[in-house]
Amino acid sequence: MKLIIITQRVNINDDNLGFFHRWLEKLAAKTEKLRVICLSRGEYHLPENVEVYSLGKERSYPKIWQFLRLQLYLFKNLKHVDGVFVHMCPIYAILSWPLVRLYKKKFIMFYAHGGTHFKLKLAEKLLDKILTSSPAGFRLKSRKVKVIGQGIDVDLFQPKDGYGSENFNMLYAGRINKTKDPLTILKALDILVNKQNVKKIKLKIVGHPLVKTERDYLESLKEFVKSRRLKDYVEFVDGVPYAQMPEQYHEADLFINPSSTGSLDKVVLEAMASGCLVLNCNEAYRQILDDKYLFKKGDVDDLVQKIINLMRSGKDYNLREIVVKNHNLENFIDKIVATFKQ
């Protein structure tokens with residue numbers, strides 16, 4: 001089988017989309033040829049049967065040039081492939097559809113997010129199949145939807161002993177913005193440290209702000225830490241390459257995800273696979289996690305109580321088994337390939 005893959009970035013060091021490099025490695029092992037079209041590319045180390053074409057965002061090409069390059073790469077490659085796989089971006093499906101339709105190729109997208117905007121509604125009409133992580137990951141009514149779980153590299157993300165600490169270490173990793181809401185964790189920490197006198201506790205916030213609004217938001221978080229005298233309890237880390245994330249999970253006792261995307265956030269599953277306890281307010285996780293690992297979105301008091309409860313408990317390796325059984329990358333890739341063969 002030969003496929004075109006359309007995605008945002010191919011960069012093994014990207015702290016947000018670095019995981020997709022591993023997806024491409026696994027897909028390459030299951031197919032004869034991959035032609036990857038990406039908005040931008042950085043460092044990558046892919047097998048010989050993978051070609052990578054960039055639309056030029058890393059060179060600051062204007063959007064009209066990016067569009068024309070997309071059409072050129074599709075025109076050059078569509079006659080040589082069996083299908084087209086789009087990762088998470090409905091706009092790519094819309095812009096690619098005329099040529100994909102002309103060449104009568106199978107057209108599939110993976111999408112896992114709670115949003116239901118106009119571009120997604122239009123893309124749903126154009127695609128042959130939509131793959132998603134959970135029923136909550138694609139909320140439009142459609143007979144084209146197939147739930148396949150998430151793709152977590154359980155060989156990379158696995159428990160490791162020897163990271164003992166006298167402190168209870170908490171971790172947040174992700175985008176630094178109001179939607180992701182790391183401020184709720186800081187507010188909970190403020191209560192724990194300054195009102196409940198919990199001193200052997202630490203919080204690490206890992207994430208790189210991408211735009212000015214995110215940089216401003218990060219500064220507001222740091223100002224909150226300063227004003228609440230939490231500097232000895234909080235560490236800010238400016239992004240970590242995907243391949244180095246296992247170490248971050250190993251050092252943490254608890255991973256907290258205060259955002260609510262409406263789908264199975266990959267970072268929570270990575271933390272579970274790595275042996276972390278987790279706290280999460282994402283409604284999609286209500287289908288797979290006990291209540292003790294869930295808190296109400298934006299409810300600081302609920303989060304504080306759940307943290308206290310988990311501080312008294314040990315590791316729960318059943319969390320890893322959930323990921324291994326239902327969301328491991330090997331099976332995930334098999335399901336994608338099988339869908340093209342149907």
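The values are calculated or read from the model by the stated rules, or taken from the named source; none is laboratory data. Everything numeric here is computed off the predicted structure, so don't read it as measured data. Here Cβ is always computed from backbone atoms with ideal geometry, including for glycine, and neighbour counts include all displayed protein chains. Please note that ligands, DNA and RNA were not included when accessible areas were found on the heavy atoms of the full protein model with its side chains. Shrake-Rupley method; radii C 1.70, N 1.55, O 1.52, S 1.80 Å.
Tabulated data
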read-out	value
For peptides 188-196, 305-313, sequence by mean Cβ density within 10 Å, most packed first	188-196, 305-313
Sites K199 and E43, calculated FRET efficiency, Cβ-Cβ separation with R0 35 Å, nearest 0.05	0.25
Theoretical gain in end-to-end length, K141 to L68 [0.36 nm per residue, Cα-Cα removed]	23.0 nm
Residue-span extension gain [R59 to D290] - 0.36 nm each, minus C-alpha spacing	78.5 nm
Structure-based [θ]222 nm, the chain - -39500 (n - 2.57) summed over DSSP H runs of at least 4, per residue, nearest 500	-11000 deg cm²/dmol
Counting all C-alpha pairs of region 1-155, share separated by more than 19 Å (%)	53 percent
Computed over region 7-117: relative contact order in percent, which uses C-alpha pairs under 8 Å that are six or more apart	21 percent
Listed peptides 282-288, 112-118 by packing density, highest first (mean Cβ within 10 Å)	282-288, 112-118
Net length gained if the chain between K335 and M1 were fully extended (0.36 nm per residue, minus Cα distance)	118.8 nm
For the chain, with +1 on Lys and Arg beta carbons and -1 on Asp and Glu, the positive-most of Q244, P159, S142 along the dipole	S142
Relative contact order for region 1-68, counting Cα pairs under 8 Å that sit 6 or more residues apart, in percent	32 percent
Ratio Rg/Rh [Cα only; Rh per Kirkwood] for region 108-265	1.05
Placed amide H near L279: partners under 5 Å, 5+ positions off or other chain	F255, I256, N257
Fraction in percent of alpha-carbon pairs per bin - 10 Å, region 236-294	22, 54, 23, 1
Antiparallel DSSP beta bridges within the chain, percent to nearest 5	0 percent
Sequence-distant residues sharing a close amide H with K204 (under 5 Å, placed H)	M170, L171, Y172, E235
Cα-based convex hull volume of the chain per residue, rounded to whole Å³	134 Å³
Relative contact order %, the chain, counting alpha carbon pairs below 8 Å whose residues are six or more apart	17 percent
Within the accessible area of the chain (1.4 Å probe), percent carbon and sulfur	49 percent
Derived scalar couplings ³J(HN,Hα) [region 137-150; Karplus, 6.51 cos²θ - 1.76 cosθ + 1.60; whole Hz; x for Gly, Pro]	x, 9, 9, 7, 6, 7, 6, 7, 7, 9, 7, 10, x, 9
Between region 1-29 and region 65-98, the Cα center-to-center distance that results, in Å	16 Å
Cut-off 15 Å between beta-carbons: net charge of the residues surrounding E58, Lys and Arg +1, Asp and Glu -1	+4
